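Data first, discussion second: the structure below is written as structure tokens.
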Amino acid sequence: MSILLIAIAAVVVNNFVLTYFVGICPFIGVSKKIDAALSMGIAVTFVMTLTSIVTWFITDLILVRLNMPYLEYVAYIVVIAALVQLVEMFIKKTSPALYKALGIYLPLITTNCAVLFVALLQAMRNYNFIQATVFGFSAGVGFAVAIVIMAGIREQIEIADVPKPFRGAAITLITASILALAFMGFSGLIAA
Amino acid sequence: MTVLLAAGLMGLIGLLFSIGLGIASKRFAVEVDPKIDGVEKTLPGVNCGGCGYASCAMYAEAVASKGAPVDLCVVGGAKTAREVAHVMGVAVSGEEKDKIVAVVFCQGDSEASAFPGEYRGIKDCAAAVYSQDVSKRCKYGCVGLGSCVAACPFDAIHLSATGIPFVDAEKCTACGKCVAACPRNLIELHPLKHDAFVYCKSQDPGVISRKVCKKACIACNICVKAAANDNNADAVRLEGNLAVVNTKAYAAKAEYGAKCPTKSYGTYINIVNKDRVLGRQSVPAQPVEVGAVSAEGSGEGEGPGDD
């Protein structure tokens, strides 16, 4: 499967948030403002790419060789937790401005199930190293696209005259579901 | 055997990562001035921006590393200033500051002012003003859609039943969010002690302003003359078609408005709980001025929407 196909599939066709419904928590929680949503999207993309790379090594070089693929869940969770910690320290040291911009979102990524999902999926699909890297990156981009679109819509909803029973979480979830429906239009574009 | 191997492997991976993280935390350690943290802990943490910095954390950093004054926090007031000064090891300058609150300069509620139409656009004052689609006929008065209410981080400003915002003197911290939110610049910050203002910003000539609002200033000059007779000529002056209280000296007295024909010159309008703050005596929380208005207009719903 070509690299380009993997990328397009992960960004639009099989968008993590809107097709697989993983990473819903930050998708709803951090989509009130476009700035914050973009920061979150970039941070998630960063961590997802790294996770995909590191878990590829763990899977292919350790778990498969030792014939213990059933450990993948546990191993991946450890990897993600450690990675996020490392990334946080690194950014804090090298770029205080970026660290401030990401703020609380960085440690929150530890519990973002989309990150775990990217690791599991690339192991399940037996991607090689380059494919895994591209897949991790484009899955992150897909997440960023979804959350930024959502934030844009929610900024408009904020000033719209929403009927009382639908205000707050209700209109947010309805919006998310319509957005997911819209993304269904991409299905069939590529068999992935 | 498999169990042991699995446990051993996970233990090994965990150990490797923890060693890696341990080394990384040493290598990437960032030295932070402990004073920044100390100052930030004493601040209220509401990030209102009243001090002039975007957040409490930024103000704390400015105090600790750039030598910003310790008494800028308007929310915590003198108490926080003392605590910050204690952390920084400096003396607090000056004594207790006068309590400053937001003052709403409009009395054109649904009873006093003409509302010829109904506004059906976005519920936001700025949007209503820029779209020229305001239900109220006065071009200078409050639109009554509550953008200031939405902007207030302290729940200190609310719309009365007749559609004019009023300020809770107890909760108001003079952070200035509502001042910035009002598209018609009807809200200003003034010391609570000062009790006399012309609660109108209309620059319409008296002939027009009298038609569009019962409580508009019609520039009749009575308060200006009253001030002049009191040897206080600079306290109130006429600026165009509007009498304005001098807010540099705050010398105007409430008596000057005694003969105001439209009662636009008033004292403590659109403010509640002022007595509690001023500590004169304990009065119940029910407002005097606004309470009277809201009691009369309670059957009228939200105000601006009514005709």
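The figures follow:
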item: From A:Leu86, A:Leu66, residue being closer than 25 Å to A:Phe27 by Cα, out of contact with any Phe, Trp or Tyr (no Cβ under 7 Å at 6 or more places or on another chain), at pLDDT below 90 and within 14 Å of chain B (Cβ to nearest Cβ); result: A:Leu86
item: Residues (surrounded by 19 or more Cβ atoms within 10 Å (Cβ to Cβ) and under 22 Å from the mean Cα position of the chain (by Cα)) located in the range B:76-98; result: B:Gly76, B:Thr80, B:Ala81
item: Within the range B:39-58, considering residues that are among the small types (Gly, Ala, Ser) and crowded, with 17+ Cβ neighbours inside 10 Å, the one farthest from the other protein chains (Cβ to nearest Cβ); result: B:Gly50
item: The range B:23-38, residues that are at the interface with chain A (Cβ under 10 Å from one of its Cβ atoms) and either touching a Leu at 6+ places or on another chain (Cβ under 8 Å) or surrounded by 15 or more Cβ atoms within 10 Å (Cβ to Cβ) (or both); result: B:Ala24, B:Phe28
item: Answer from A:Leu66, A:Leu106 - the residue that is in contact with a helix residue (DSSP H, G or I) (Cβ under 9 Å, 6 or more places away or on another chain) and without any contact (Cβ under 8 Å) to a residue 12 or more places away in the chain; result: A:Leu66
item: Residue pairs meeting the criteria (Cβ under 9 Å; at least 6 apart or on separate chains; first at the interface with chain A (Cβ under 8 Å from one of its Cβ atoms) and farther than 14 Å from A:Leu86 by Cβ, in the range B:3-22; second among the aromatic types (Phe, Trp, Tyr) and assigned to a helix (DSSP H, G or I)); result: B:Ala6/A:Tyr70
item: Wholly within the range B:25-90, helices (runs of 4 or more DSSP H) carrying at least 2 residues that are modelled with pLDDT of 85 or more and closer than 22 Å to A:Tyr99 by Cα; result: B:34-42, B:56-66
item: The range B:119-163, residues that are of a type in the set (Ser, Thr, Tyr) and either more than 11 Å from chain A (Cβ to nearest Cβ) or out of contact with any helix residue (DSSP H, G or I) (no Cβ under 7 Å at 6 or more places or on another chain) (or both); result: B:Tyr119, B:Tyr130, B:Ser131, B:Ser135, B:Tyr140, B:Ser160, B:Thr162
item: Single condition A:Ala101 does not satisfy, out of (1) buried (at least 18 other Cβ atoms within 10 Å of the Cβ); (2) under 30 Å from B:Met58 (Cα atoms); (3) within 14 Å of chain B (Cβ to nearest Cβ); result: (1)
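The values are calculated or read from the model by the stated rules, or taken from the named source; none is laboratory data. Small disclaimer: the values here were computed from a predicted structure and weren't measured. Counting neighbours? That spans all protein chains shown, and the Cβs are built from the backbone with ideal geometry, glycine included.
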